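The values are calculated or read from the model by the stated rules, or taken from the named source; none is laboratory data. Only a predicted model underlies this, so the values are computations on that prediction, with no experimental measurement involved. Note: ideal-geometry Cβ built from the backbone for every residue, glycine included; neighbour counts use all protein chains shown.
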Amino acid sequence: MYSNVSGLLACGLVFSACLSAAEIKGTVVDPSGAPVAGAQVSVLDRVGVRAQTVTSPGGACEVSGPDTPDARIVITAPGFNTETLGTPNQAPLPFQVGQELTRRPENSGSVVSSFTHGRITAAVTGYFRGRTLYEEPTCGATDGLFWNPGYANLGINVNYALGHGLTAYGNLRNALNWHYEEVFGYPSPRLNFVSGFKWTLARAK
């Protein structure tokens, strides 16, 4: 299986797994496709460097490393940026193959119930969201992934038509007074109330 990586270093690697070790063969080339001789190819996991070699004058490399989910290959060469590759069954750290998508709730739903009588219009709104996987809000995915708990947000809206296009309104937000973060790392307001007037201008016929 081949893995193509964009950047100053590109590496096509062949992986053949056997029990507790993976045989890694490939060629390190620069963006123009020319082989890079003397590039250092290291296989690392959580323990540290598990295997290391340098490329031949033709850019070829061959090394055995652990066939573990957290294994990764680091390629360095003078004058080039360092490239880090995951094995074919591994997503870029800190992600994992098959994990949930970030910023996509496990489940969500909404409900709206409205009532109108004379000049009064009222509505009850509800939004429900399950837990959501988020990147660390300051440094992004490099600082890890975190679960943002689910929440329910209930709102009550009342409008009263005063006439001549003028409407008084009041909105009770987060009526359940839940402490939640719609976006991970940024707390949403607790129970709060907003009121005011709306004026609708009618077009002249």
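Structure summary
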quantity	calculated
Matching residues in segment 155-178 - criterion: being polar (S, T, N, Q) and either farther than 17 Å from Arg190 by Cβ or loosely packed, with under 14 Cβ neighbours inside 10 Å (or both)	Asn157, Asn159, Thr167, Asn177
Cβ pairs under 9 Å, 6+ apart, first in segment 89-104 and assigned by TED's automatic domain parsing to the domain that holds Phe128 and within 16 Å of Gly140 (Cβ to Cβ), second surrounded by 13 or more Cβ atoms within 10 Å (Cβ to Cβ) and modelled with pLDDT under 75	none
So Ala152, is it in contact with a strand residue (DSSP E or B) (Cβ under 8 Å, 6 or more places away or on another chain), part of a strand (DSSP E or B), surrounded by 13 or more Cβ atoms within 10 Å (Cβ to Cβ) and touching a residue at least 40 places away in the same chain (Cβ under 8 Å)	no
Only listed residue being surrounded by fewer than 14 Cβ atoms within 10 Å (Cβ to Cβ) and modelled with pLDDT of 95 or more, chosen from Thr116, Thr200, Thr142, Thr125	Thr116
Total residues in segment 111-135, condition outside any strand (DSSP E or B) and either in contact (Cβ under 8 Å) with a residue 40 or more places away in the chain or touching an Asp or Glu at 6+ places or on another chain (Cβ under 9 Å) (or both)	3
Residue tally, condition without any contact (Cβ under 8 Å) to a residue 12 or more places away in the chain and either within 22 Å of Tyr134 (Cα to Cα) or in contact with a helix residue (DSSP H, G or I) (Cβ under 6 Å, 6 or more places away or on another chain) (or both), over segment 183-205	1
Strands (runs of 3 or more DSSP E) contained in segment 37-110 and holding at least 2 residues modelled with pLDDT of 85 or more	40-45, 48-54, 60-66, 72-76
